[in-house]
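The values are calculated or read from the model by the stated rules, or taken from the named source; none is laboratory data. Predicted model only: the values in this text are computed from it and were never measured. Methodologically, a virtual Cβ is constructed for each residue, glycine included, from the backbone with ideal geometry; neighbour enumeration extends over all protein chains shown.
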Amino acid sequence: MNTRRPEPRGATPRLSEAKSRDPFCGRQKRGPSATLGATALCRRVFLASAAAVTIMPFAVHATPEALAAAIKEVTGDAPLREGKVTLDVPPLVENGNAVPLTVSVESPMTAGDHVKAIHVFNEKNPQPHVFNAWLSPANGRAVVATRIKLADTQKVVAVAETSKGEFWTVHADVIVTIAACIEGVT
C-alpha cells in the first residue's frame, strides 16, 4: 500500500525537506541536497578554491636556490665530491612525463664500505627533492633505475651517501620538449 501523497500534475517529485549546516559557509541549508548529504558551496568559497586551483600550477616551481637548499638539507655541511657516481639520463627527451633515469655508484658494498643512500634532485620541478633510495651491503650493487617527471629543461643531480659519511655527486642537463607538470593545462 502506497502512503505517499500524489504530486500535483506536472510537478517533479520532491525529496523530504531537511535541514543541516553547510560546513564551508556556516549557513543552514534546506531542501533535497540537505537530505542527500551534498554540500552546497557558497559563492565566495567556490571562487576562492577555484582561483587557488587555477593559479597554483603556474606559481609553484623550484629554483636553483631551492635545489641547493634541498641538497644541503641532505648533506649538511659535508663537502660534495665529484666522481664515483654515474647518472644515465637521456640528454634530450620528447615528453617529460616518464624520463628514464639510472644512478650507479662505484662501491665495494661491504659492511665497512657501502652506499647508504642515493638521492636525486632536480632544478625546476615543483619539488626539488625527487626521491631517496636506501641501500645496504645486502644489495650487492649500488644501482637504482626508475622513471621521473620533469617539468622543463633542467639540471638533474644525483648524490650518493656512503657509510663513511662521504657524499659523491654528479649532474646532467636534460632538455625537455614537452613539459610534464603543466601538460594539458590551457
Residue in the stretch 139-164 that is surrounded by the fewest Cβ atoms within 10 Å (Cβ to Cβ), counting only those that are within 19 Å of THR110 (Cα to Cα) and either among the hydrophobic types (A, V, I, L, M, F, W, C) or touching a helix residue (DSSP H, G or I) at 6+ places or on another chain (Cβ under 9 Å) (or both): VAL143
Any pair with Cβ under 8 angstrom, 6 or more apart, that starts in the stretch 101-119 at a residue that is among the β-branched types (Val, Ile, Thr) and ends at one that is part of a loop (DSSP other than H, G, I, E, B): THR102/VAL89; VAL105/LYS84; VAL115/SER107; VAL115/MET109; VAL115/LEU135; VAL115/SER163; ILE118/LEU135
Test: residue in the stretch 84-97 that is closer than 16 Å to GLY165 by Cα and in the same structural domain as SER163 (by TED's automatic domain parsing): yes
Hits in the stretch 96-107 (condition: of a type outside the set (A, V, I, L, M, F, W, C) and at pLDDT 95 or above): PRO100, THR102, SER104, GLU106, SER107
Qualifying positions in the stretch 79-92 - surrounded by 13 or more Cβ atoms within 10 Å (Cβ to Cβ), out of contact with any helix residue (DSSP H, G or I) (no Cβ under 9 Å at 6 or more places or on another chain), part of a strand (DSSP E or B) and among the aliphatic types (A, V, I, L, M): VAL85, LEU87
Pairs with Cβ under 6 Å, 6+ apart, first in the stretch 149-162 and polar (S, T, N, Q), second surrounded by 23 or more Cβ atoms within 10 Å (Cβ to Cβ): GLN154/ASN122; GLN154/GLU123; THR162/VAL115
Residue match in the stretch 93-105 (condition: within 17 Å of the chain's Cα centre (by Cα), surrounded by fewer than 17 Cβ atoms within 10 Å (Cβ to Cβ) and within 21 Å of GLU65 (Cβ to Cβ)): no
Qualifying residue in the stretch 119-126 (condition: surrounded by fewer than 19 Cβ atoms within 10 Å (Cβ to Cβ) and either touching a His at 6+ places or on another chain (Cβ under 9 Å) or in the same structural domain as PHE167 (by TED's automatic domain parsing) (or both)): yes
